[in-house]
Amino acid sequence: MAFKHVFLIILAVIFPIVVSGKDFIVGDETGWTINFDYVAWAQGKDFRVGDKLVFQYPIGVHNVFKVNATGFMNCIVPPLSQALTSGNDTIVLATPGKKWYICGVAQHCALGDQKLVITVNSESMAPSVAPSPSRALPYTYYNKICLLPHF
């Protein structure tokens with residue numbers, strides 16, 4: 001019986017962590033490609049810490065680099081060793097703030113506008129439920145008996 005309680009407690013602690021993140025496929029069904037409006041795609045989406053970005057593209061045709069604001073604005077490609085190249089790259093959004101991503105293949109960033117900027121918000125906290133106010137027992141005959149001193 002004790003094992004059942006321990007299991008339920010562990011499940012209750014782990015379950016919110018497992019379901020807290022959402023997967024965002026960058027570009028939806030279009031995926032990560034050139035000549036796509038990633039500004040419009042990101043608009044209205046609520047990116048949170050714990051969510052994941054999934055970049056889907058044909059292997060060898062594109063790649064993904066995480067860059068800073070300057071790298072994003074000027075399409076500055078970091079060293080090739082930092083490229084994500086699997087064609088199904090998943091990035092966990094671990095911290096809040098602005099995040100910038102570009103494609104480093106040829107002129108895909110500069111000419112094909114293959115770049116994405118998002119703002120990651122703090123992880124959402126489940127609303128806490130306020131404890132219900134304790135109700136006093138109604139003043140009845142039985143309460144009077146309990147309140148009387150016993151001799």
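The values are calculated or read from the model by the stated rules, or taken from the named source; none is laboratory data. Note that this is a predicted model, so its numbers are computed, not measured. Neighbour counts are summed over all protein chains in view; Cβ atoms, including those assigned to glycine, are modelled from backbone coordinates with ideal geometry.
Of all residues in the range 84-114, count the ones that are touching a strand residue (DSSP E or B) at 6+ places or on another chain (Cβ under 6 Å) and hydrophobic (A, V, I, L, M, F, W, C).
Number satisfying all stated conditions: 9.
Being of a type in the set (Phe, Trp, Tyr) and surrounded by fewer than 19 Cβ atoms within 10 Å (Cβ to Cβ) is the filter here, so list the residues in the range 44-102 that pass it. Reasoning before the result, please.
Of the range 44-102, the ones of a type in the set (Phe, Trp, Tyr) are 47, 55, 57, 65, 72, 100-101.
Correct list: Phe47, Trp100.
Do any strands (runs of 3 or more DSSP E) lying entirely in the range 51-121 carry at least 2 residues that are at pLDDT 95 or above and basic (Lys, Arg), and which ones are they? Break it down into steps so the answer makes sense when it comes.
Values: elements: 52-56, 65-67, 88-92, 97-102, 115-121.
Where strands (runs of 3 or more DSSP E) fall fully within the range 51-121 and carry at least 2 residues being at pLDDT 95 or above and basic (Lys, Arg), they are 97-102.
Give the residue, chosen from Lys52, Lys66, that is in contact (Cβ under 8 Å) with a residue 24 or more places away in the chain and in contact with a helix residue (DSSP H, G or I) (Cβ under 9 Å, 6 or more places away or on another chain).
Numbers: Lys52 fails: in contact with a helix residue (DSSP H, G or I) (Cβ under 9 Å, 6 or more places away or on another chain).
Only one candidate passes the filter, namely Lys66.
Of all the residues that make up the range 103-119, how many are under 17 Å from Asp23 (Cα atoms) and surrounded by 17 or more Cβ atoms within 10 Å (Cβ to Cβ)?
Number satisfying all stated conditions: 2.
Based on what the data block shows, is Ala40 over 21 Å from Gly104 (Cβ atoms) and either crowded, with 19+ Cβ neighbours inside 10 Å or small (Gly, Ala, Ser) (or both)? Don't jump to the end; show me each part of the working.
Numbers: over 21 Å from Gly104 (Cβ atoms): yes; either crowded, with 19+ Cβ neighbours inside 10 Å or small (Gly, Ala, Ser) (or both): yes.
The answer is yes for Ala40.
Scan the range 21-56 residue by residue and report those that are acidic (Asp, Glu) and over 16 Å from the mean Cα position of the chain (by Cα).
Within the range 21-56, the first condition is being acidic (Asp, Glu), and the residues that meet it are 23, 28-29, 37, 46, 51.
Correct list: Asp28, Glu29, Asp37.
Can Ile145 be described as farther than 19 Å from Gly21 by Cα and either of a type in the set (S, T, N, Q) or at pLDDT below 95 (or both)? Step through it out loud before you land on a result.
Values: farther than 19 Å from Gly21 by Cα: yes; either of a type in the set (S, T, N, Q) or at pLDDT below 95 (or both): yes.
Judged against the criteria, Ile145 is a match.
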